[in-house]
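Bear in mind that the values in this text are calculations on the coordinates, not laboratory data. Predicted, not measured: the structure shown is a model, and the values here were computed from it. Positions of Cβ are backbone-derived with ideal geometry, glycine not excepted, and every protein chain shown enters the neighbour counts.
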Amino acid sequence: MEINWRPQAQEALYGIYRFYSVKNQKAAERIINAILEAVDKLSIFPKMAPVEDMLSGLANEYRSMVVRRLFKVIYFINESTDEIVVVTIFDCRQNPSKLRRSILKKRV
């Protein structure tokens with residue numbers, strides 16, 4: 001399956017890099033690489049992550065994959081186009097209700 005990154009997910013990834021690179025460039029690169037490697041695995045095992053309970057009842061069946069215990073990669077599988085759509089990367093230290101609001105706000 002092909003992986004499609006939505007702009008919100010790309011912005012989140014870049015924001016994570018900017019935040020960590022100020023203090024430690026190598027750490028920022030390791031975090032970003034860990035996220036990218038995890039997402040790459042989805043093309044082989046698209047249903048490897050559980051359905052995200054916080055996003056139940058929405059139009060798509062969103063799944064979340066935790067990376068480094070700090071970040072959740074939020075995605076859904078579009079069967080009709082045979083692609084995985086990465087919607088956002090959520091910092092797990094935030095209030096969980098913010099996740100649902102951010103998804104609804106972007107109408108993904």
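Quick rundown of the values:
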read-out	value
Segment 6-18 residues that are farther than 11 Å from F90 by Cα, paired with ones that are not in a helix (DSSP H, G or I) (beta carbon under 7 Å, 6 or more apart)	R6/V85; R6/V86; R6/V87; R6/V108
Those residues of segment 12-49 which are exposed (fewer than 12 other Cβ atoms within 10 Å of the Cβ) and closer than 16 Å to S64 by Cβ, in sequence order	F45, K47, M48
Test for L42: is it touching a residue at least 40 places away in the same chain (Cβ under 8 Å), within 15 Å of the chain's Cα centre (by Cα) and more than 19 Å from E11 (Cα to Cα)	yes
Of the criteria (1) touching a residue at least 40 places away in the same chain (Cβ under 8 Å); (2) among the aromatic types (F, W, Y); (3) in a loop (DSSP other than H, G, I, E, B), which one F90 fails	(3)
